[in-house]
Amino acid sequence: MPAFKAHAMQPSTLLDEQARQDFVGALRGHLSGRLMPGAYKVYESRVEPAFRARQGRAPIDQDEIRKPMTQDSFYQFWSAMQRRSQELLWESVIDPTERELPELLQRSARLRAKKIGKSGKGRRRGTLRLNPALEIPRYHRAADIHLQPGGYHTDFTTDDVSAGVIYDKGINLYMGGALGPENNLMGDTLLAYLREKHPARQPKRILDIGCAIGNSTVVWARAFPQARVHGIDVGAPVLRYAHARAEALGVAIDFSQQNAEATDFADGSFDLIVSHIVLHETSKSALPRILGECRRLLAPGGLMLHLEIPRGRTVIEKFMHNWESYNNNETFARYMTGIDLQAEAMKGGFPAADVLVDQFIPKLDVAQMNYTEHFFWKILAAHR
Amino acid sequence: MPKPKKKSTRSTPAVAAAARRRAPAHSPTAAPAPVRLARVAKGKKPQYFSDPAIDKLLWMTLTLMEELSVTRDRLDTVERLLAAKKVLRRAELEGWQPDAKAAAERVAARGRYVDRMMRAMHVELEEIAGRGMPKSEEEVVAAVES
């Protein structure tokens with residue numbers, strides 16, 4: 001597993017802070033790798049048979065097994081420990097961030113203030129446009145997504161970047177490093193999809209929606225150095241961090257604080273719009289609005305690609321995926337389980353013939369994930 | 001357990017002056033208060049067991065598990081460094097006694113450790129105090145879906 005890249009916008013870790021992060025990694029590895037399969041086993045061996053005995057039939061949906069599963073002692077312990085491991089994960093990242101925040105804020109200000117070299121020959125710099133008047137959508141305010149305290153939008157101090165610092169290291173720990181040294185796996189995956197399915201495309205104007213810390217945005221900017229790349233998100237602290245991080249990595253991206261349901265870009269501004277596991281963090285009303293906005297922003301012939309996580313096929317798979325909904329504040333994930341993404345895109349104005357809901361397992365060296373029949377990416381693709 | 005020595009609480013002008021020098025509370029040169037980040041996520045925490053006490057105990061157990069792992073790592077680091085530098089053999093660690101300063105530092109560190117362990121209890125107090133938490137996760141899911 002390649003080490004997480006310690007760029008300028010990440011704090012150092014003291015001995016105990018590092019040990020806490022290391023422990024969280026070990027604990028989560030065990031809970032996900034060793035104990036979570038046990039939850040499937042208790043379902044097959046006792047919860048499902050008991051249901052059959054009571055009802056005279058097999059369960060037909062995940063909601064039917066929610067009660068008996070949450071009453072199963074093995075599942076209860078696994079679930080409670082999984083929840084606590086997620087809290088410990090954030091705590092282990094928040095501690096060093098809080099301790100080194102003054103320095104991180106200084107570094108952020110320095111990185112973001114840099115202009116093109118005096119001679120004019122320096123590389124182009126990215127930009128950041130914040131909108132303090134932007135209303136943070138309810139799907140961010142209702143509960144802190146993934147239990148990250150304060151979510152992506154809370155400023156704890158002036159020009160705060162802490163939410164971004166915490167998110168960057170947090171998702172690295174969450175996936176046990178599988179996202180790659182720059183949390184680049186999702187960007188790499190969608191890029192691989194584009195190159196496999198649309199090899200001739202050379203986008204010149206790219207938009208990444210719900211870009212958070214710009215980890216995937218950087219992948220697109222590097223892949224298409226001639227393109228102008230924009231990243232939007234509703235959270236100011238993650239965007240400040242994204243800007244500083246991109247500059248630290250030497251990549252020019254134009255970030256702006258905008259709601260993807262209604263942006264201020266002109267019609268037809270982009271020939272490629274992407275998102276990376278963002279749609280399942282939105283809402284029933286927001287989703288078709290976002291897809292409609294994508295359609296407005298696409299130039300004729302333009303393409304949108306949304307990377308999503310499939311949410312299980314069997315009753316127990318669906319139930320286990322939706323652990324995230326009820327225990328990890330992925331509040332919209334449950335609705336996404338039964339969703340018809342093509343129909344959602346059609347609500348956004350795309351004709352059915354222009355929409356493709358695809359599955360994708362990338363053939364990538366960077367794919368450190370263990371792809372199995374249970375895990376592949378889902379991609380919503382549509383063109384204008 | 002040895003009784004801690006009683007400290008003199010008597011305030012003399014010299015002591016008060018020293019205290020003022022140590023704590024320039026509103027001096028314009030004083031460093032700004034450090035930024036405190038949130039440690040608790042917004043949203044209703046599920047109850048996993050029929051008895052909420054079990055939730056708390058498991059919460060504490062995992063935290064304790066973490067801190068023990070941290071301590072073992074640190075101790076291992078120290079012992080390896082000391083052995084590598086030929087400063088100390090493991091056998092010498094036995095029977096060591098802290099001096100007053102070391103003892104005081106340990107008291108403070110232990111206090112912080114207990115605070116961290118007792119978060120499970122404080123969370124409930126914070127909920128009682130009312131932090132605008134939704135009543136249930138179902139409510140949050142329904143609100144977001146709508």
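The values are calculated or read from the model by the stated rules, or taken from the named source; none is laboratory data. The model shown is predicted, which means the values in this text are computed figures rather than measured ones. When we count neighbours, we look across all protein chains shown, and the Cβ atoms used for this are built from the backbone with ideal geometry, even at glycine.
Which one is surrounded by the most Cβ atoms within 10 Å (Cβ to Cβ), of the residues in the stretch A:256-286 that are free of Cβ contacts under 8 Å to residues at least 60 places away in the same chain and under 21 Å from the mean Cα position of the chain (by Cα)?
Selected residue: A:Ala260.
For the stretch A:221-242, enumerate the residues that are touching a Pro at 6+ places or on another chain (Cβ under 8 Å) and either of a type in the set (A, V, I, L, M) or in a helix (DSSP H, G or I) (or both).
Result: A:Ala227, A:Val234, A:Ala236.
Of the residues that sit in the stretch A:9-46 and are buried (at least 18 other Cβ atoms within 10 Å of the Cβ) and aromatic (Phe, Trp, Tyr), which one is farthest from A:Ser92 (Cα to Cα)?
Checked the stretch A:9-46; the qualifying residue farthest from A:Ser92 (Cα to Cα) is A:Tyr43.
Scanning the stretch A:47-75 for residues that are surrounded by fewer than 17 Cβ atoms within 10 Å (Cβ to Cβ), of a type outside the set (A, V, I, L, M, F, W, C) and in a loop (DSSP other than H, G, I, E, B), which turns out farthest from the other protein chains (Cβ to nearest Cβ)?
A:Gly56
Please work out which residue is nearest to A:Phe255 (Cα to Cα), limiting yourself to the stretch A:170-188 and to residues that are under 13 Å from the mean Cα position of the chain (by Cα) and assigned to a helix (DSSP H, G or I).
That would be A:Gly187.
Quick one: which of A:Arg34, A:Arg66 is touching a residue at least 40 places away in the same chain (Cβ under 8 Å) and not hydrophobic (A, V, I, L, M, F, W, C)?
Checking each option against the conditions leaves just A:Arg66.
What do you reckon, is B:Glu127 modelled with pLDDT under 80 and either assigned to a helix (DSSP H, G or I) or within 24 Å of B:Leu58 (Cα to Cα) (or both)?
It is true that B:Glu127 is modelled with pLDDT under 80 and either assigned to a helix (DSSP H, G or I) or within 24 Å of B:Leu58 (Cα to Cα) (or both).
Here is a list: A:Leu134, A:Leu147. Which entry is of a type in the set (A, V, I, L, M, F, W, C), surrounded by fewer than 19 Cβ atoms within 10 Å (Cβ to Cβ) and in contact (Cβ under 8 Å) with a residue 12 or more places away in the chain?
A:Leu134
Condition check ((1) assigned to a strand (DSSP E or B); (2) touching a strand residue (DSSP E or B) at 6+ places or on another chain (Cβ under 7 Å); (3) over 21 Å from A:Met186 (Cβ atoms)) across all residues:
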| site | (1), (2), (3) |
| --- | --- |
| A:Ala244 | no, no, no |
| A:Phe255 | yes, yes, no |
| A:Thr263 | no, yes, yes |
| A:Gly268 | no, yes, yes |
| A:Val274 | yes, yes, no |
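Name the single residue, out of those in the stretch A:301-337 being at pLDDT below 90 and farther than 25 Å from B:Gln47 by Cα, that is farthest from the chain's Cα centre (by Cα).
In this case the residue turns out to be A:Arg313.
Could you give every pair whose Cβ atoms fall below 9 Å, whose first residue belongs to the stretch A:330-342 and is without any contact (Cβ under 8 Å) to a residue 60 or more places away in the chain, and whose second residue is aromatic (Phe, Trp, Tyr), counting only separations of at least 6 or pairs across chains?
If the second residue must be aromatic (Phe, Trp, Tyr), the pairs left are A:Arg334/A:Tyr326; A:Gln342/A:Phe350.
Pick out the one residue from B:Pro98, B:Pro134 that is surrounded by 15 or more Cβ atoms within 10 Å (Cβ to Cβ) and either touching a helix residue (DSSP H, G or I) at 6+ places or on another chain (Cβ under 8 Å) or in contact (Cβ under 8 Å) with a residue 60 or more places away in the chain (or both).
Only one candidate qualifies: B:Pro134.
Could you identify the single residue in B:Arg106, B:Arg74 that is without any contact (Cβ under 8 Å) to a residue 60 or more places away in the chain, in a helix (DSSP H, G or I), more than 14 Å from every other protein chain (Cβ to nearest Cβ) and of a type in the set (D, E, K, R)?
B:Arg106
Exactly one condition in (1) within 13 Å of chain B (Cβ to nearest Cβ); (2) without any contact (Cβ under 8 Å) to a residue 40 or more places away in the chain is not met by A:Ala6; state its number.
Every listed condition holds for A:Ala6 apart from (1).
When the stretch A:76-112 is examined, which residues are found to be at the interface with chain B (Cβ under 9 Å from one of its Cβ atoms), farther than 30 Å from B:Ala33 by Cα and among the aromatic types (Phe, Trp, Tyr)?
Once the filter is applied, which keeps residues that are at the interface with chain B (Cβ under 9 Å from one of its Cβ atoms), farther than 30 Å from B:Ala33 by Cα and among the aromatic types (Phe, Trp, Tyr), the stretch A:76-112 yields only A:Phe77.
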